[in-house]
Amino acid sequence: MDIELTSLLSALGVISAVSLGWLGRASVAKKETELRAGSGAAMRADMDYIKRGVDDIKLDVRAQGQRTDALAERVTRVEESAKQAHKRLDKIEE
């Protein structure tokens, strides 16, 4: 009877150790999964923020290009006007 009780207690100890080990591993795996999901979500949020920043920069560059084109057109008109004014002055001097 004493040997049976010792064997039974040993078996229960082994079963409880395996069970506790399994539960501990499952808990660690769950926490790792939560951490990965959280860091993945943060990375996606950061990527979205960077994408919005790049889009804003593209819009600013496009607007700056339009302003440069408009300014170049105005400079061309001013140069033509100055050229005509010089021709008129040359005629007056003659």
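Worth a mention:
- Near pairs, Cβ below 8 angstrom, 6+ apart or cross-chain, from region 65-94 (at pLDDT 95 or above) to any residue that is part of a helix (DSSP H, G or I): none
- Enumeration of residues in region 35-86 that are open to solvent by less than 100 Å² (accessible area, probe 1.4 Å), hydroxyl-bearing (S, T, Y) and under 35 Å from the mean Cα position of the chain (by Cα): S39, T68
The values are calculated or read from the model by the stated rules, or taken from the named source; none is laboratory data. Note that this is a predicted model, so its numbers are computed, not measured. Every residue, glycine as well, gets a Cβ built from its backbone with ideal geometry; the counts of neighbours run over all protein chains shown. Note: accessible area is taken over every heavy atom of the protein model, side chains too, but ligands, DNA and RNA are not part of it. Shrake-Rupley method; radii C 1.70, N 1.55, O 1.52, S 1.80 Å.
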